[in-house]
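Some notes on the structure that comes next.
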Amino acid sequence: GDMTVLLLWILAFLVLGAVMGINLYALICLSDLQADLINPHDCAGRINKLVMPEIIAHAAAAGLMMLCGSWSMVLVNGPLIAWHVRQVGRNQHLADVTEIFNQLDKEKSVRVGKAMLYALVLLYATYRGTERGVNMFLDPAEKVKMAAFFKDAVASSVHHF
């Protein structure tokens, strides 16, 4: 029922938060390598440890959103999931210690792109989860009152500077 879907949205939110964290950690490692704060071996090791957890968690989050009935998010996440599957299939998903320094700009660009997608999806999951929670706990009369309140708030000039 409604409670199950709400819990799925909350779980998707938490999993996406972890995916975002892993991705940002990898970006920090790459920046540290660029600034010569860590060596290529440590950088590749740190990133490679988290590649499969990131891929699996991202696919799981997309699966959770699919269970919530959000097919649009399956379409949004699909290309990245397909790219991840392709990378793993070609055995190109891990950072190469000998090449990581030469691939720095490309690898950072990929990570920034992923961060933007993850942020978008995280924002969407937050919105949909909140919407589901609010709608679950309001009865029809309260929903009408809330709709009127927000309509008045939008029409009001108080929030304009």
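Straightening the chain between MET3 and LEU120 buys 39.7 nm, computed as 0.36 nm per residue apart minus the Cα-Cα spacing. Under 20 Å Cα-Cα from LYS151, which lysines qualify once same-chain neighbours fewer than 8 residues away are excluded? Cα-Cα hits under 20 Å: LYS143. 3J(HN,Hα) along the range 75-91: 5, 5, 7, x, x, 5, 4, 4, 5, 4, 4, 4, 4, 5, x, 8, 6 Hz, from the Karplus curve 6.51 cos²θ - 1.76 cosθ + 1.60 with θ = phi - 60°, whole Hz, x for Gly and Pro.
Our summary gives the chain a relative contact order of 36 percent, counting only alpha carbon pairs under 8 angstrom and 6 or more residues apart. The accessible surface of the range 1-159, taken with every protein chain in place and a 1.4 Å probe, is 68 percent carbon and sulfur.
Using bins of 5 Å that start at zero, the share of Cα-Cα pairs per bin across the chain amounts to 1, 8, 15, 17, 13, 11, 10, 8, 6, 4, 4, 2, 0, in whole %. Remark: the range 65-161 carries 70 Å² of accessible area per residue (probe radius 1.4 Å; ligands, DNA and RNA excluded). Highest mobility in the GNM of the chain, judged by mean-square fluctuation with C-alpha springs under 10 Å and restricted to MET136, MET65, MET146, is found for MET146.
Projecting the Cα atoms of SER156, MET136, ALA115 onto the charge dipole of the range 102-161 (Cβ charges, centred on the Cα centre) puts ALA115 farthest toward the positive pole. The range 79-97 and the range 134-153 have Cα centres spaced 46 Å apart.
The values are calculated or read from the model by the stated rules, or taken from the named source; none is laboratory data. Treat the numbers as computed from the prediction; the structure is a model and nothing was measured. Heads up, the Cβs are rebuilt from the backbone with ideal geometry, glycines too, and the neighbour counts pull from every protein chain shown. Surface areas here come from the heavy atoms of the whole protein model, side chains and all, with no ligands, DNA or RNA. Shrake-Rupley method; radii C 1.70, N 1.55, O 1.52, S 1.80 Å.
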